[in-house]
């Protein structure tokens, strides 16, 4: 590991290869999906369509967990003004967009054969779409603002806004009349599917943690390269002034 | 294969496509950033 040019407390990863934790997360996900499909009987009403639960529900949970991760690091950035917290929040936001998009697509694949439509403006679907758009807005904002401090402050505000939407998404199935079923939990899911769901929830969690960490490491190296280039440019500028 | 399995297969395929696709994106970003850092470090050493 080497130190980031601007921050002696932060270290850069030396290798581009998948870490041991990365391998573990992906192999664990493969194993959990295999186990869940193998042990769960077809549902009385939905038949084998029920198996979409093992990807849709964990993806939906990560869609809610990742913005809460953004919230934690955004608030920590606003409090301590550490650039690393801003980068962690941004990494979590990017992963959150991926999971939110995945959740929406998986929901559509489940809705078509069960509800007869790909999409309906139901409270749960609409609030999830709003969350996806807020998170996409967060990334667009970061791409548009050049000033680092301003970008970090504004994106932290959008990150907080996105996180505020999470309880709305979660409670939408209870607060409004909705076609979507109530929250999936061991108390609302049939006993036969609980183990598969739990295993896949943990597998998705490990994959999400790995992806956030990998993205954060890439950001650290990007930032170190920027600092190095700026330092060279400043050094040259001073050199020219002396001449 | 009945139509239910078609949707189940599509769901698992999309899941892996998103996860692996995002992983490739991150690794490319990492490789690009590392190249930029190497170039900048070499330029600074000169």
Item to check | Condition check for residue A:169: modelled with pLDDT of 90 or more, surrounded by 21 or more Cβ atoms within 10 Å (Cβ to Cβ), touching a helix residue (DSSP H, G or I) at 6+ places or on another chain (Cβ under 9 Å) and within 14 Å of chain B (Cβ to nearest Cβ) | outcome: no
Item to check | Flag for residue A:33 being buried (at least 17 other Cβ atoms within 10 Å of the Cβ), part of a helix (DSSP H, G or I), in contact with a strand residue (DSSP E or B) (Cβ under 6 Å, 6 or more places away or on another chain) and within 11 Å of another protein chain (Cβ to nearest Cβ) | outcome: no
Checklist entry - On the given criteria, is residue B:29 touching a helix residue (DSSP H, G or I) at 6+ places or on another chain (Cβ under 6 Å), facing chain A (nearest Cβ under 9 Å), part of a helix (DSSP H, G or I) and modelled with pLDDT of 95 or more? => result no
Checklist entry - With respect to residue A:169, is the statement that it is assigned to a helix (DSSP H, G or I) and under 20 Å from the mean Cα position of the chain (by Cα) true? => result yes
Item to check | Filter pass, residue B:42 being loosely packed, with under 15 Cβ neighbours inside 10 Å and either within 14 Å of the chain's Cα centre (by Cα) or not in a helix (DSSP H, G or I) (or both) | outcome: no
Next on the checklist: Condition (residue is facing chain B (nearest Cβ under 8 Å) and either crowded, with 21+ Cβ neighbours inside 10 Å or modelled with pLDDT under 90 (or both)) applied to region A:58-65: is it met by at least one residue?
Outcome noted: yes
Item to check | Count of region A:217-232 residues which are buried (at least 21 other Cβ atoms within 10 Å of the Cβ) and either modelled with pLDDT of 95 or more or out of contact with any helix residue (DSSP H, G or I) (no Cβ under 8 Å at 6 or more places or on another chain) (or both) | outcome: 0
Checklist outcome for this item: Here the qualifying pairs (Cβ atoms under 7 Å; residues six or more apart or on different chains; first in region A:141-165 and farther than 11 Å from residue A:78 by Cα; second surrounded by fewer than 12 Cβ atoms within 10 Å (Cβ to Cβ)) come out as none
Checklist entry - For region A:108-134, what are the residues that are away from every other protein chain (no Cβ under 14 Å) and assigned to a helix (DSSP H, G or I)? => result A:123, A:124, A:125, A:126, A:127, A:128, A:129, A:130, A:131, A:133, A:134
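The values are calculated or read from the model by the stated rules, or taken from the named source; none is laboratory data. Note that the coordinates shown come from a computational prediction; the quantities given were computed from them, not determined experimentally. Virtual Cβ from ideal backbone geometry, glycine too; neighbours counted across all protein chains shown.
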